[in-house]
Amino acid sequence: MGFGWGTGDSVLNATVSYYDQHAAEFFKETAEIDLTPQYRAFLARMPVGGKILDAGCGSGRDARYFLQHGYQVEAFDASAEMCKLASEYTGQKVHHRTFDDVQWILVFDGVWACASLLHVRRDSIDAVLRKLCCALKADGLMFVSFKLRDGEWEQGGRFYNGYDQQSFQTLLARHPSLQCFSSWVSDDARPERKNEKWLNALLRKSATNLQSEMDGRTDELKTNLQKDTRTNGDNTGTGP
Ligand SMILES: C[S@@+](CC[C@H](N)C(=O)[O-])C[C@H]1O[C@@H](n2cnc3c(N)ncnc32)[C@H](O)[C@@H]1O
């Protein structure tokens, strides 16, 4: 990919440095954003008390909301400074790790990736989506949101990857194990950024396509999947 910043590592490092350096300011700006419509859409399809992974959690705002509403939550972020603030805000340890480090397998009922995958380069997004999909239980749910803009760009020291509806469909076509059953455009919830649009989507890990997700994976994953399918085989009542 010809993005002018160089390697994937330098893109990640520059973006994470931005969050490390501006952590307090970013926390102040985002910790109280009201995402009620997104929460409602996601939680309506989650099992009560289910397990959620907040991937790229920033301030910890959403992890905190889910905890307060009785869900079990693991949260992580690539910025050490954001992790400190999010740990304080949520009252539990937030993992300092990147999307590339995700190694959970069949653990979560839901993955919540709000405005975080937009920092992953296009030449890495498929691998990251596969990791997040593997972290989901069979039939699990994933929420993702991106800035509504097709392409990669740099802004104020951060790297961005955005999608419009068409390029998002093209992305998902490469992930048959993630079925998109709802997508919608919203305004930025910050009044001063009302003109910025977001593309939100809810994806269901599709049991029928799991075999393709499994291709090339380890025996451990296959064993866990069989166990998980047996345990959750009758748990179809939470689907959209
Ligand atoms: C725009 S903020 C969104 C934060 C939060 N999810 C929210 O909605 O307020 C993006 C977050 O993703 C984190 N991030 C960026 N690249 C990441 C990566 N490769 N792995 C994990 N987190 C990453 C940043 O540190 C930052 O906290």
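Here, each number is a calculation from the coordinates, and none is a lab measurement. These numbers come from a predicted model, not from an experiment. No Cβ is skipped: glycine too gets one built from the backbone with ideal geometry, and neighbour counts run over all protein chains shown.
Odds and ends about this structure:
- Ordering of 118-131, 22-35 by packing [mean C-beta count within 10 Å, highest first]: 118-131, 22-35
- Taking 27 Å as the limit for the C-alpha separation, the pairs 51/194; 28/131; 28/205; 147/205 exceed it in the case of 51/194; 28/131; 28/205.
- The shape of the range 8-231 can be summarised by an equivalent ellipsoid whose semi-axes, obtained from the alpha carbon gyration tensor, come to 26, 20, 18 Å from longest to shortest.
- Tensor-based shape of the range 1-80 (alpha-carbon gyration tensor, a/c under 1.5 rounded, otherwise prolate or oblate): prolate
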